[in-house]
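The values are calculated or read from the model by the stated rules, or taken from the named source; none is laboratory data. Bear in mind the structure is a predicted one, so any value in this text is a computation, not a measurement. FYI the Cβ positions are ideal-geometry reconstructions off the backbone, even for glycines, and counts take in every protein chain you see.
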Amino acid sequence: MRIVVKQNTPPRLEAPEDFTRFSIALDERLQGTEALALAPVADFKSEEGTHAWVRPDAIRALSAMAGDPEWDAGFAAMCAFAREHGWIGPNGGIRAHIDYLPETCPVSADEFRRAMRKFASGVCIVASGKGADRRGMTVSAFSSVSAEPPMVLVCLNRTSSTHDAIISADAFSVNILGGSQEDVAMRFAGQGGLRGADRFTDDAWQDAEGGAPVLATSHQSLVCTPVSSHQAGTHTVLIGQVIATGDTQDSSALVNYDGVIKATTAQPSAIQ
């Protein structure tokens with residue numbers, strides 16, 4: 001397993017099931033500030049050069065497999081092996097070698113946007129809250145994560161006035177819009193000047209399980225409870241477990257492609 005620490009992103013754990021190797025990959029731009037950069041997961045002393053002492057509780061917090069009996073047994077065996085070889089510090093940290101990741105040169109924001117415009121995606125309203133506390137925003141960054149258990153993710157712009165309300169809610173809905181609901185997409189994208197609960201002008205919005213508002217006329221709706229959230233650049237990646245779905249409405253979906261929102265209708269497959 002390897003803990004990856006990059007500038008402006010939270011630490012993450014790669015290959016949590018691999019107990020045969022253990023290291024830290026650190027963004028080379030953070031060289032010279034290791035103690036601060038690694039503070040969430042490890043203790044670092046400059047005199048120890050390219051090693052740090054990683055706290056076991058930090059590894060468990062980063063691993064989605066923590067709590068699984070097989071993973072817990074493997075992790076305990078790894079810690080025992082490290083202890084036998086003197087790789088456990090006085091504070092219980094596990095010794096890990098630091099590899100420095102070379103700085104990469106990303107494309108410009110404009111170049112990135114031009115490329116992503118060529119990816120056709122559905123258009124959704126992510127919403128939470130009740131009554132005057134209802135909040136919602138239009139998103140295109142929505143994807144399934146897992147079928148067992150059923151989980152999805154949405155990416156929410158942190159500059160949006162609705163971001164904090166959705167992130168902190170006990171439940172949220174993802175409402176996949178139908179081909180005739182372009183006006184709804186535009187309203188929740190901020191066009192028309194309506195804000196907050198005033199955007200929920202349609203009587204078709206109903207309070208569903210967990211208190212999340214659901215658009216009954218949407219192409220499809222899902223109600224989720226939050227599992228985790230992660231800051232990534234300008235957005236928050238919110239992962240939720242699906243606890244309810246609505247009935248599919250309309251025969252067409254609203255699609256965002258090349259900067260244009262339009263309806264699309266599924267065609268029968270020619271493959272038999």
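Listed values, structure above:
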| item | result |
| --- | --- |
| Strands (runs of 3 or more DSSP E) enclosed by segment 171-222 - at least 1 residues per element that are of a type in the set (A, V, I, L, M) and farther than 15 Å from residue 130 by Cα | 172-176 |
| Residue list for segment 8-57, restricted to those being surrounded by fewer than 13 Cβ atoms within 10 Å (Cβ to Cβ) and touching a Lys or Arg at 6+ places or on another chain (Cβ under 7 Å) | 14, 15 |
| Test for residue 183: is it out of contact with any Cys (no Cβ under 7 Å at 6 or more places or on another chain), among the charged types (D, E, K, R) and under 24 Å from residue 227 (Cα atoms) | no |
| Filtered residues of segment 76-127 (kept if farther than 30 Å from residue 249 by Cβ, loosely packed, with under 13 Cβ neighbours inside 10 Å and hydrophobic (A, V, I, L, M, F, W, C)) | 76, 77, 80, 105, 107, 109, 112, 115 |
| Residue that is nearest to residue 251 (Cα to Cα), among those in segment 195-236 that are out of contact with any Leu (no Cβ under 7 Å at 6 or more places or on another chain) and hydroxyl-bearing (Ser, Thr, Tyr) | 217 |
| Cβ-Cβ under 9 Å pairs, at least 6 apart or on other chains, segment 247-267 side at positive phi, far side among the hydroxyl-bearing types (Ser, Thr, Tyr) and modelled with pLDDT of 85 or more | 250/180; 250/217; 250/218 |
| Test: residue in segment 96-111 that is outside any loop (DSSP other than H, G, I, E, B), free of Cβ contacts under 8 Å to residues at least 24 places away in the same chain, over 30 Å from residue 224 (Cβ atoms) and touching a helix residue (DSSP H, G or I) at 6+ places or on another chain (Cβ under 8 Å) | no |
